[in-house]
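The values are calculated or read from the model by the stated rules, or taken from the named source; none is laboratory data. Given the structure is predicted, the values throughout are model-derived calculations rather than measurements. No Cβ is skipped: glycine too gets one built from the backbone with ideal geometry, and neighbour counts run over all protein chains shown.
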Amino acid sequence: MQHHTDAQTPGRTLAIFWRVVAGIISEHVLSQRILAEWGSAVLVALFILRDSSHSNALLGVWALYAIAISLYTTSVLADNAEQPYNVQRLLALPSRRIFIWAYLVSANIIVYTCQIILVAASLVLAPLARPDMMQIVMTIPSIILIISVATGCMLLLTPLISSVLQRIVLMLVVAVPVIWGTIAAQLFTPESASIKAALDAIFGIMLWPSLHLYATAVTPVFDTTTLIVFAINGTISLILAAIAIARFQRKYLSNS
């Protein structure tokens, strides 16, 4: 697979990048697949949040919805990226990084629109649970980071980026800490309590940034710990994107 090797100015590269993003989003809208995502936001507000009477419950659903719609949208876009006409788009680009970043940014933008629809619908349909404007503003950084981490993680879980073995390993890395309590109850005896305690600590540390980020989205509080969690999750999202780019480049180079 060959790509253009002419020197590109930063401005030219950025223009190409945003043109690709606009094309991806336009195709998603014209295909009407976005109606499923926008519709899901309205349905969540209508059937789950309409009878809510507590703002923290409302914010919790917003955060959970952000995770779910991020996983769905990223999966759909990644599947679309493997279509033949998009492979031709890749061939015309000066860099593979532009291709992957464009799909990742497009997924985030689409999810943002869904989140905005959910928030707007919730404020209308669930007036008793309506948070004040300061709560809404304070939860925005947490929601943005939740979406960023979820889209990056889902991108790595798609065939576009990872092999079957790589996807299995990543799913284990994500799933084992989450269900560790159930696993530990079956595996360990009182005699191996020290090993269990060590593993509990390891998995607890792994989950802490994500759990605290979710807690901040539900109960917005800005303090030193929150800023540290923001920095950790922002770093995680960049690492996930970097891994996705590296894998994508190796995958296509091996097939060139």
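Table for the structure above
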quantity	calculated
Selected residue (only one of PHE222, PHE230 is touching a residue at least 12 places away in the same chain (Cβ under 8 Å) and either in a helix (DSSP H, G or I) or crowded, with 16+ Cβ neighbours inside 10 Å (or both))	PHE230
Single residue of ALA102, ALA81, ALA129 found to be surrounded by 15 or more Cβ atoms within 10 Å (Cβ to Cβ), of a type in the set (A, V, I, L, M), more than 18 Å from PHE17 (Cα to Cα) and modelled with pLDDT under 95	ALA129
Only one of PRO177, PRO209 that is over 17 Å from the mean Cα position of the chain (by Cα), closer than 30 Å to PHE248 by Cα, surrounded by 12 or more Cβ atoms within 10 Å (Cβ to Cβ) and not aliphatic (A, V, I, L, M)	PRO177
Near pairs, Cβ below 7 angstrom, 6+ apart or cross-chain, from region 27-47 (β-branched (Val, Ile, Thr)) to any residue that is crowded, with 16+ Cβ neighbours inside 10 Å	ILE34/HIS28; ILE34/ILE110; VAL42/ILE117; VAL42/ALA121; VAL44/VAL61; VAL44/TYR65; VAL44/LEU118
Condition met for ALA175 (in contact with a Ser or Thr (Cβ under 7 Å, 6 or more places away or on another chain) and among the hydrophobic types (A, V, I, L, M, F, W, C))	no
In region 83-113, residue farthest from ILE143 (Cα to Cα) [restricted to those that are out of contact with any Ser or Thr (no Cβ under 9 Å at 6 or more places or on another chain) and outside any helix (DSSP H, G or I)]	ALA92
Single residue of THR139, THR151 found to be in contact with a Pro (Cβ under 6 Å, 6 or more places away or on another chain) and within 30 Å of ARG50 (Cα to Cα)	THR139
Some residue of region 109-122 being over 25 Å from the mean Cα position of the chain (by Cα) and farther than 13 Å from ALA66 by Cβ	no
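Per-residue answers, yes or no, for (1) loosely packed, with under 14 Cβ neighbours inside 10 Å; (2) modelled with pLDDT of 90 or more:
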| residue | (1), (2) |
| --- | --- |
| GLN2 | yes, no |
| PRO10 | yes, no |
| GLY23 | no, yes |
| SER26 | yes, yes |
| LEU71 | no, yes |
